[in-house]
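Heads up, the thing below is written out as structure tokens.
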Amino acid sequence: MYAAKGAGTNRFAVYTADMHVHALARLDGREQLERAIEKEELVLHYQPIVDLDLGRVAGFEALVRWQHPTRGLLGPGEFIPLAEETGLIVPLGRWVLREACRTATAWAGAPYLSVNVASAQLEQEGFVEEVACALRDASLVSSRLVLEVTESSLVGEDSAERLQALRKLGIRLAIDDFGTGYSSLSYLRRFPMDVLKIDRSFTQEACEDGALLQAIVAMGESLGLVLVPEGIESEEQADELRALGCRLGQGFLFGRPVPASELTGVATRSAVSL
Ligand code: C2E
Ligand code: MG
Ligand code: MG
Ligand code: MG
């Protein structure tokens with residue numbers, strides 16, 4: 001009896017100590033991230049999206065990083081989950097959008113700018129106005145902006161209305177990581193999208209049997225969407241995807257995400273339209 005109780009108490013003690021450490025780490029991370037947004041420790045890298053036939057740039061996707069004061073440059077996988085959990089994704093996303101628009105205005109050749117938008121941002125009442133404001137302040141025409149949303153963003157009624165409103169402003173919409181969510185088909189018919197970004201896990205099938213990839217391509221084509229397979233790493237994959245009918249593509253084969261300062265005029269100048 002005593003032993004059992006003792007053991008139970010011990011287990012409990014260990015568990016709470018562990019939880020406590022976790023909670024503290026999370027609180028600490030939250031405060032650090034909050035400060036990072038205020039102090040502009042976030043940086044954007046840009047990865048080219050190319051025309052597979054012409055080999056020319058069509059656009060760039062903005063991808064956020066955190067220049068952490070002690071831990072170095074952190075990728076989004078290390079802080080986006082915390083940002084989403086704490087709601088900080090809203091101010092973070094706002095910063096990303098404004099910064100990316102300001103940067104893209106200066107690009108010669110006017111390639112399009114693709115920006116990731118989290119579901120929580122779309123759920124904000126003032127989101128449409130915020131986007132319009134970011135474009136206006138940066139003097140960027142709406143037709144150069146593509147907002148990337150995930151399948152889960154298509155579920156909420158209000159979010160859906162906002163997507164329609166954004167599209168009326170001339171902004172284009174991309175569905176990101178397609179094939180990894182679970183809303184897919186019926187939602188795609190209900191919401192007018194422009195671009196379908198095929199998740200890297202399907203792109204990798206390109207040189208194998210690729211049954212799912214072919215099905216996604218066929219569906220995207222029948223809906224009139226521009227197909228953008230992500231994560232292209234080899235010439236063979238690029239060839240297969242081009243043969244399948246994908247017009248654009250993105251991946252390390254064409255370029256890794258780099259700071260705006262490393263994008264040369266040559267890279268942006270010969271842009272083809274979306
Ligand atoms: P994503 O939007 O699907 O972005 C593509 C990711 O794939 C990027 O990772 C990019 O570096 C990586 N990638 C591109 N080509 C290749 C390739 O050939 N091979 C491999 N292995 N990877 C490739 P990154 O930059 O680490 O971003 C990861 C995710 O974080 C993004 O996936 C996006 O979901 C999220 N994210 C990034 N920036 C933002 C942002 O500003 N806001 C929000 N809400 N999410 C963001
Ligand atoms: Mg994306
Ligand atoms: Mg993606
Ligand atoms: Mg992805």
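The values are calculated or read from the model by the stated rules, or taken from the named source; none is laboratory data. Computed from a predicted structure; not experimentally measured. When we count neighbours, we look across all protein chains shown, and the Cβ atoms used for this are built from the backbone with ideal geometry, even at glycine. Side chains are part of the model used for accessible areas, which takes the heavy atoms of the whole protein and leaves out ligands, DNA and RNA. Shrake-Rupley method; radii C 1.70, N 1.55, O 1.52, S 1.80 Å.
General remarks:
- Residues in region 68-86 that a label on THR180 would reach, taking backbone N under 18 Å of a point 7 Å out along Cα→Cβ: 75-85
- Residue with peak Gaussian network fluctuation, the chain [Cα springs, cutoff 10 Å], from GLU99, GLU148, GLU78: GLU78
- Amide hydrogen neighbours beyond the local backbone of PHE191, cut-off 5 Å, H modeled: none
- Tilt relative to the chain, helix 211-222 - C-alpha long axis, 0 to 90 degrees, to 10: 60 degrees
- Cβ-Cβ FRET estimate between HIS68 and THR105, R0 fixed at 30 Å, reported to 0.05: 0.60
- Ordering of 79-88, 222-231 by burial proxy (mean other Cβ atoms within 10 Å per residue, highest first): 222-231, 79-88
- Signed unit charges on C-beta, dipole axis of the chain, positive-most listed residue ALA138, ALA160, ALA104: ALA138
- Helix 127-138 axis, angle to the chain major axis (alpha carbon atoms, nearest 10°): 60 degrees
- Distant-in-sequence amide H partners of ASN116 (H built 1.01 Å from N, under 5 Å): ALA62, GLU148
- Other residues lying with their Cβ under 13 Å from the Cβ of GLN124 contribute a combined charge of -4, Lys and Arg counting +1, Asp and Glu -1.
- Dipole of region 159-208 [Lys/Arg +1, Asp/Glu -1 at C-beta], most positive-end residue of LEU169, PRO192, GLN204: LEU169
- Sorting 195-202, 238-245 by average packing, meaning the other beta carbons within 10 Å per residue, from highest down gives 195-202, 238-245.
- Rolling a 1.4 Å probe over the protein heavy atoms of the chain, with every protein chain left in place, gives an accessible area that is 53 percent carbon and sulfur.
- From helices alone, the chain scores -14000 deg cm²/dmol at 222 nm; the rule is -39500 (n - 2.57) for each run of n ≥ 4 DSSP H residues, then divide by the residue total.
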